[in-house]
1. First select every other residue whose beta carbon is under 14 angstrom from the beta carbon of A:Phe58; then total the charges, Lys and Arg +1, Asp and Glu -1.
2. Which percent of Cα-Cα pairs in region B:382-491 sits in each 5 Å bin, short to long?
3. How far is it, in nm, from the label point at B:Val345 to the one at A:Asp453 when both lie 7 Å from their Cα along the line to the Cβ?
4. Distance from a point 7 Å along Cα→Cβ of A:Ala23 to each backbone N in region A:292-316: keep the residues under 20 Å and list them by number.
5. Which lysines have a Cα less than 19 Å from the Cα of B:Lys508, not counting those fewer than 8 places away in the same chain?
6. Compute and list, largest first, the equivalent-ellipsoid semi-axes of region A:26-159 from the alpha carbon gyration tensor, each √(5λ) rounded to a whole angstrom.
7. Report the net charge of residues surrounding A:Gly356, where surrounding means a beta-carbon distance below 13 angstrom and charges are Lys +1, Arg +1, Asp -1, Glu -1.
8. How big is the protein assembly as shown on each of its three principal axes, counting only the C-alpha atoms and giving the largest first in Å?
2 protein chains.
Amino acid sequence: MWGLESEEPTEERRRELAAALSARLGTELHPPRIPSVDELELRPPRVRVPSSLDQFCFQDTWERAYHSYGFDRCDHAPFGRYPNPPDAVAHPRSDSELEAVLSWCDDHGYCVIPYGGGSSVVGGVTPPEDRGPVVTVALDRLDRVLEVDDVSRAARIQAGVFGPALEDQLRPRGLTLRHFPQSFTGSTLGGWIATRSGGHYATNHTHIDEFVESVRMLTPSGWLETRRLPGSGAGPDPNRLVIGSEGILGIITEAWMRVQARPRFRATAGIRFASWEAGYEATRHIVQAKLWPANLRLLDPELAAGSAGVEGGQALLIIGFESAEIPQRGFLEHAVGLARTCGGVVADDELMVDDGSGQATGRTGAVGAWRQAFIPGSGGLGGANAGLGLVAGTFETAVTWDRWPELDHAVRTATLAALAEACGGGTVNCRFTHVYPDGPAPYYTYVGAYRSDADPLGQHAAIKAAASEAILAAGGTITHHHAVGRQHRPWYDRERPELFAAALRAAKQAVDPAGIMNPGVLVDPPNADPPGR
Amino acid sequence: MWGLESEEPTEERRRELAAALSARLGTELHPPRIPSVDELELRPPRVRVPSSLDQFCFQDTWERAYHSYGFDRCDHAPFGRYPNPPDAVAHPRSDSELEAVLSWCDDHGYCVIPYGGGSSVVGGVTPPEDRGPVVTVALDRLDRVLEVDDVSRAARIQAGVFGPALEDQLRPRGLTLRHFPQSFTGSTLGGWIATRSGGHYATNHTHIDEFVESVRMLTPSGWLETRRLPGSGAGPDPNRLVIGSEGILGIITEAWMRVQARPRFRATAGIRFASWEAGYEATRHIVQAKLWPANLRLLDPELAAGSAGVEGGQALLIIGFESAEIPQRGFLEHAVGLARTCGGVVADDELMVDDGSGQATGRTGAVGAWRQAFIPGSGGLGGANAGLGLVAGTFETAVTWDRWPELDHAVRTATLAALAEACGGGTVNCRFTHVYPDGPAPYYTYVGAYRSDADPLGQHAAIKAAASEAILAAGGTITHHHAVGRQHRPWYDRERPELFAAALRAAKQAVDPAGIMNPGVLVDPPNADPPGR
């Protein structure tokens, strides 16, 4: 699903799935034939890699085709479209190799795209089309936990490590980062930091931001490294300029991250509500009580039925607590008490509690069913959507509670209208991935069918644009945790204050005078933004 | 204590206190005679206020003398020293008056110093000496809660409101910001945001940063206003550029703040430990268990004895939980359980629990004694230090747990040595004001005596410098919540990454091209920093 070839479905499996989905959607799906790498003919590279770099800087077709995209490879690869590959792909193994490739690019004005797991769904690692040669710098060989500070519960970690390999290195110390974005298996620490990834915790410390103790980044002007500190009030937080910078300032190479003791105590329940509205009102009351559950995820009735087997048009709220030190039953009972006050239904014997004995919670009943559908690789369509002829996508936002009902209505209406127009119909569903005392972060999924008479990318774009317009107009953010990249630029430009854009452009210019770092993402070069933006 | 004339001690009271302290310190204190405003002769104003501004822009001696300083007025006022007053002090009552005064200053290149409560202890609102005319813009007439969103628990609040007036306006709605820095009575919302104030919550959401939903700031280039959002992942967070900007980018005029339901349930205990070391080890274990108590404040044995009556060289840990929705006894019991595991001593009947009936907690015993000593206006020396001939001050930092014991040792050693040198002796004590899973925020107080043969400001400066050097060398931050101002600049410049300073200077230049906003705070103008900083 996240670009691993080993997870790709076979040709036969794709045909089976397409047939099943055709029946379900009532329209015939035509899975395209996916070309192999040998059949691809890419534009010849526009740069010559000097011999000093050729041990870690490659130009073969697979490297260049693979790094042409982030997760949007799934939209393009099935059709063999690689019109704008990077000219070279570097895999530096040390600071000095990284410095060498960056200074080669800076000297020649080549664009540099930092590449983590390539899980961007917003075109965050896609080469720009109009800026000349592009060198993608993949961090995957910088993948070690370098140091662990058990006393402070922190670890110095290289940016290129993928989620599972990171957890593998922390586990023997009894520690975990507990950052499990949906892209966990196919994304990296550096990517999470660069994009302000949203992770495991549904409340309180939702973004990776809160777990960054210090960060190290190589810019074209040199190294920027912040001091390891648990907290500070010394001027605007330098970490916060790096976090979310999406590669436009430099390449994040490592970070001291706040890690956790591995949880031993857990308590989980799935609570049913008569309606979506009743569910989100209860969610608001629970999050405003500040019990800070690790999980507080609400599924709308269609998702509750489809992925957790909940019948009768009920919404499902999944609440989970966890701790390394303290039994969690009491916390869950407080939350369930609040939920019941708001009309929530759950039997006492449906509260699943692991009091340190290691029995699993949350793997049976509605919660277990949802878990199976949600966790990557554990079931559901997984990576199969791509080649099935489906127009399936997601978008997400966050909005204050006062505007939320209106936003939900407007977004569903606009997206369904766009699906009708682009695909002849489809479905839109919503869940909350993260929740704050002042508002939810709703996550929408939509599904329609490719039309043989339409450009499938145009179908996607039309649906996304309609949804994005509705989100902005209703007071939401263009992204809660998918980042901005190239795809969200038009709406990001309207969301952010214009003077902040001016400040960010100036800050970029200060550390990247030649403007080589991931151009076109977040900001344009100085004076390139059209007036009035 | 925070500049209110009504809180100043009488001449007679000052003499009594000086005599008592002379006995305690074993050295004779000589309180200076404090001049009245009529005796002051200030430098004539270097600007003429145009008639269009004269309804809210003043040049009388009181206004100019008062706004010559922040809290450091206490170091200067007793000696009648006002060598560098602002040339005019504006008190705008509306956006349009604010725009008018800022554009007058920008047109003429006058420096602008945004002024909230004037509680800065680091020279954050002091006119620069070498930059020509200075206009201080006091926000005190912009002091209203403009809008309350009960559903999202947020309020739109003008920046010039002082702590008590802010709470007075929220109380009838059953809400509270619960931001109670020690300067609460004499500081403002805008000042808290501009300086990343540390507040009520000792864990989790410690700084004002976490409560800012959106912010509005007038810069010389116009308005910068962020979108109200509970969370976002759209690029580097624009709020985080404004938060901590200490007036160098613009004037913060209002913010949407996350507010709280007023707590009804409380649970508090004071736990004794055989030593300072045992106390801080226990504190670490409790904060790492992530129960997120509102209060988790540790006093070293001398402070525990002096301000809470705890005998026998024991440290005192004060733990407090509060909630609007949920009884707190269980949370306190979990924390006390962890504390006892780490050697903490507290009897079951010393746990003070208010289960919504309104009985007071934390107002008796050791916790009550500490509260009396700490809360402004409730006792202790209060505003009396100033005119007593004492060299008394505070400094604070934050550091990761692995380096904390070494930092504490180094800071105490260096500060005591400086006190011996500058004052012939003195005392240094420490408490934790805020605590994080990865480290504490220790707060040091020192007391020595003025020497008749020394410059008292030089004494202060020598002590502060020695402490600051020790903090930086041991891996701490130059400030956890007192901000940078002018006083912390030399150490801040070494703490922050040089490339971050370059980015911040560029961002400032983008919104304040003439460099009029609070020059000398945080950064110098482009190219003005000495090389190698």
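Taken together, the values in this text are just the output of simple stated rules run on the coordinates, not laboratory data. Just so we're clear, the structure is a prediction, and the values are computed from it rather than from any experiment. Every residue, glycine as well, gets a Cβ built from its backbone with ideal geometry; the counts of neighbours run over all protein chains shown.
1. -2
2. Pairs per bin, as whole percents: 2, 13, 24, 23, 19, 12, 5, 2, 0, 0.
3. Going by the 7 Å Cα→Cβ label model, 8.7 nm.
4. Within reach of a label on A:Ala23: A:306-307, A:309.
5. Once the sequence-local lysines are set aside, what remains near B:Lys508 is A:Lys508.
6. Whole-Å semi-axes of the equivalent ellipsoid: 29, 22, 12.
7. Details: positive: A:Arg262, A:Arg264, A:Arg266, A:Arg329; negative: A:Glu322, A:Glu325, A:Asp354, A:Asp355.
Spelling it out: positives minus negatives among the neighbours equals 0.
8. That gives 95, 65, 55 Å along the principal axes, largest extent first.
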